[in-house]
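Enquirer: Just dropping this structure here.
The values are calculated or read from the model by the stated rules, or taken from the named source; none is laboratory data. Keep in mind the model is a prediction, meaning the values are calculated, not measured. Reconstructed Cβ throughout: ideal geometry from the backbone, glycine too, with neighbour counts over all protein chains shown. We work out accessible area using only protein heavy atoms, side chains counted, and drop any ligands, DNA or RNA first. Shrake-Rupley method; radii C 1.70, N 1.55, O 1.52, S 1.80 Å.
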Amino acid sequence: MVLVSAVRDYLSRMLQDISGMKVLILDSHTVSTVSVAYSQSELLQKEVFLVELVDSISKSRESMSHLKAVYFLAPTSENIQYLRRHLVAPRFGEYHLFFSNILKDTQIHILADSDEHEVVQQLQEFYADFVATDPYHFTLNVPSNHMYMLPAVVDHSNLQCFCDRVVDGIAAVFLALKRRPVIRYQRTSDIAKRIAQETAKLMYQQESGLFDFRRTEISPLLLVIDRRDDPVTPLLNQWTYQAMVHELIGIQDNKVDLQNIGKFPKDQQEVVLSSEQDAFFKKNMYENFGDIGMNIKQLVDEFQQISKSNQNIQTIEDMAKFVDNYPEYRKMHGNVSKHVALVTEMSKLVEERKLMVVSQTEQELACNGGQVAAFEAVTNLLNNESVSDIDRLRLVMLYALRYEKESPVQLMQLFNKLSSKSRKYKPGLVQFLLKQAGVDKRTGDLFGNRDFLNIARNMARGLKGVENVYTQHQPLLFQTMESISKGRLRDVDYPFVGNHFQQGRPQDVVIFIVGGTTYEESRCVALQNAMNTGIRFILGGSVILNSKRFLKDLEEAQRLALRTEGKTYPINLEAKIYSSSHPPSDKNRREEPIFLLTKPDIRRS
């Protein structure tokens, strides 16, 4: 509950202390933060009768002096300009300003100078500059996520914007947790090193007073790693509920858009999948697809029993009882319809794309040896007309990642076969993946064939057999968490930033994957935390990936890299990523984790 609770606590404090009717004004970043933490009905209970985006409300001139405006915005220069214009000609009776991250002193002065009508009641920093999709999983929803694959020479300014956004997001997580970590990073990744160093500079130099929390005996750990160390996990088909929905349909901020999939009723065209709001989903989000079908049948049976009992209304008392229970009945009806619709759609896609056959070969490539059998299986699937282009591409990529050194001739044959079979295939994409995430670039033992312990573990698993051939893969993250738990994470592979070292096992570990996380890894973290080993793991990333998004990022990075080789440079693609440069600390800097500017303070020059 840790991250979701932190965000909910911020929002509760923001709304409940302001009495009366309110309008909540958000931006494109904070709307995601709020939507995953609070439902519409909960906002109504806090007397929020209107929710608007800051850019759209700027276009209106209508006076609403009976409403109190609660702004919750990221501290971007664009948002400060919006606010400045709003304060010059105020439409609301009161203005309560909250920001999701650290404000610069210049921004505070701009707001103070703009408040000529003295309508601003308070200004605070509430550090919720991340989207807490699950209790131990967060994302930053960085739009141009492909930037992490590019060297600084390709697009220096946009890469800096990307790094600034990630550093700000990580800082907000630790401010919300009220902790300052020791920081480690993946040695083979330039972008992981850069983000780790810039985060340390912010926490220990520029804003050291802000992060000066009560010290625990053992500091928490922040580990910054690179998505390219495990390119296999985002390429695999998924067979557990949450991960499978994201892979086949897509989840954005815990919402699933069904508009373009089938003919669903209007109230089912966008459905919410939240472990906080849906008891069935919370119980089944990590279950495999076969079990989900059985559990949904049980849910339908329970609903039918309730429906039958509701039909037997004979007295006034029966009617009163039905009316009292009606909201719960409606909620259950919506829940049943939602999960039946999702599983029905996914079953259809599994059949259409022959995913049972495709996925079995994927799992063999990811988990087991045998190059000759793998080559034959991939070739047969490339020749199968029922297999989709994206599945063909993913199979060749998985084969290339596994056998790039062992079978270059067969690999070239698969490249040629892929080009002839897939009209949309972009030449050189698999080679670009190998250049980005090939064996020479990786730190971890991705296929369990470098480290003796991993080889022994794989042999034991091969002798014993696997419980489910479709879910036998374990992300590299599992090994990383195991190494941290046993104190075996090697300093040479994951060095510390600065002069900080860790004595003993940390109790809190935040692992941040530059380039994005997957729901398979989120499940891995949740199961690890459920074992109660004494270490609490939190997973975060720049985005939440499925195979489609991973391939899109790869294609965009390849396109920009090719343009650079041709001596042309990309335009500013990063306009939507907000960033903040952090000026050096001085004796006048704020040093309170959360501050309140009252009327006299906001006028201070």
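Enquirer: Would you please list the contacts, defined by Cβ atoms under 8 Å and residues six or more apart or on different chains, that run from a residue in the stretch 178-191 that is touching a residue at least 40 places away in the same chain (Cβ under 8 Å) and assigned to a strand (DSSP E or B) to a residue that is among the hydroxyl-bearing types (Ser, Thr, Tyr) and open to solvent by 10 Å² or more (accessible area, probe 1.4 Å)?
Expert: The qualifying pairs are 182/219; 184/494; 185/494.
Enquirer: Suppose we filter 430, 439, 396 for residues that are within 29 Å of the chain's Cα centre (by Cα) and within 24 Å of residue 240 (Cα to Cα); which single one remains?
Expert: Among 430, 439, 396, only 396 is within 29 Å of the chain's Cα centre (by Cα) and within 24 Å of residue 240 (Cα to Cα).
Enquirer: To continue, here is another question. Within the stretch 183-229, how many residues turn out to be in contact with a strand residue (DSSP E or B) (Cβ under 6 Å, 6 or more places away or on another chain) and hydrophobic (A, V, I, L, M, F, W, C)?
Expert: So the count comes out to 11.
Enquirer: Restricting attention to the stretch 57-68, does a residue exist that is part of a helix (DSSP H, G or I) and either touching a residue at least 24 places away in the same chain (Cβ under 8 Å) or in the same structural domain as residue 277 (by the TED database) (or both)?
Expert: Checking the stretch 57-68: at least one residue is part of a helix (DSSP H, G or I) and either touching a residue at least 24 places away in the same chain (Cβ under 8 Å) or in the same structural domain as residue 277 (by the TED database) (or both).
Enquirer: Then there is this: Residue 225 is checked against (1) crowded, with 21+ Cβ neighbours inside 10 Å; (2) over 30 Å from residue 353 (Cα atoms); (3) outside the structural domain of residue 509 (by the TED database); (4) not aromatic (Phe, Trp, Tyr) and fails just one. What number does that condition carry?
Expert: (3)
Enquirer: Conditions first: (1) open to solvent by 10 Å² or more (accessible area, probe 1.4 Å); (2) assigned to a loop (DSSP other than H, G, I, E, B). Residue 164 passes all but one, so which condition is the exception?
Expert: Here residue 164 meets the rest and fails (2).
Enquirer: Residues that are open to solvent by less than 10 Å² (accessible area, probe 1.4 Å) and aliphatic (A, V, I, L, M), at least 2 per element: which helices (runs of 4 or more DSSP H) completely within the stretch 1-52 meet that?
Expert: By residue number, 2-16, 30-37.
Enquirer: Scanning the stretch 75-93 for residues that are open to solvent by 40 Å² or more (accessible area, probe 1.4 Å) and out of contact with any Ser or Thr (no Cβ under 9 Å at 6 or more places or on another chain), which turns out farthest from residue 129 (Cα to Cα)?
Expert: Here the residue is 89.
Enquirer: Go through the residues of the stretch 210-217 one by one and say whether even a single one is crowded, with 22+ Cβ neighbours inside 10 Å, more than 18 Å from the chain's Cα centre (by Cα) and over 17 Å from residue 540 (Cβ atoms).
Expert: Yes, some residue in the stretch 210-217 is crowded, with 22+ Cβ neighbours inside 10 Å, more than 18 Å from the chain's Cα centre (by Cα) and over 17 Å from residue 540 (Cβ atoms).
Enquirer: Tell me, yes or no, whether the stretch 352-366 has at least one residue that is of a type in the set (A, V, I, L, M, F, W, C), free of Cβ contacts under 8 Å to residues at least 60 places away in the same chain and open to solvent by 10 Å² or more (accessible area, probe 1.4 Å). Outline the logic, then answer.
Expert: Of the residues in the stretch 352-366, the ones of a type in the set (A, V, I, L, M, F, W, C) are 355-358, 365-366.
Restricting the remaining residues to those that are free of Cβ contacts under 8 Å to residues at least 60 places away in the same chain gives 357, 365.
From the residues that got through so far, the ones that are open to solvent by 10 Å² or more (accessible area, probe 1.4 Å) too are 357.
The answer is yes, given that some residue of the stretch 352-366 is of a type in the set (A, V, I, L, M, F, W, C), free of Cβ contacts under 8 Å to residues at least 60 places away in the same chain and open to solvent by 10 Å² or more (accessible area, probe 1.4 Å).
Enquirer: Hey, could you check the stretch 523-544 for residues that are assigned to a helix (DSSP H, G or I) and aliphatic (A, V, I, L, M) and say which is surrounded by the fewest Cβ atoms within 10 Å (Cβ to Cβ)?
Expert: Top of the filtered list is 530.
Enquirer: For the stretch 127-143, what are the residues that are surrounded by fewer than 23 Cβ atoms within 10 Å (Cβ to Cβ) and within 21 Å of residue 75 (Cβ to Cβ)?
Expert: Result: 141, 143.
Enquirer: Only residues that are under 13 Å from residue 540 (Cβ atoms) and among the aromatic types (Phe, Trp, Tyr): list them for the stretch 150-182, please.
Expert: Matches in the stretch 150-182: 174 only.
Enquirer: Determine which member of the set 414, 429, 433 is in contact (Cβ under 8 Å) with a residue 24 or more places away in the chain, over 16 Å from residue 551 (Cβ atoms), in contact with a helix residue (DSSP H, G or I) (Cβ under 8 Å, 6 or more places away or on another chain) and in the same structural domain as residue 395 (by the TED database).
Expert: 414
Enquirer: Cβ-Cβ distance below 9 Å, separation of 6 or more or different chains: which pairs start in the stretch 97-121 with a residue that is closer than 21 Å to residue 170 by Cα and end on one that is assigned to a strand (DSSP E or B) and open to solvent by 10 Å² or more (accessible area, probe 1.4 Å)?
Expert: 98/122; 98/124; 99/124
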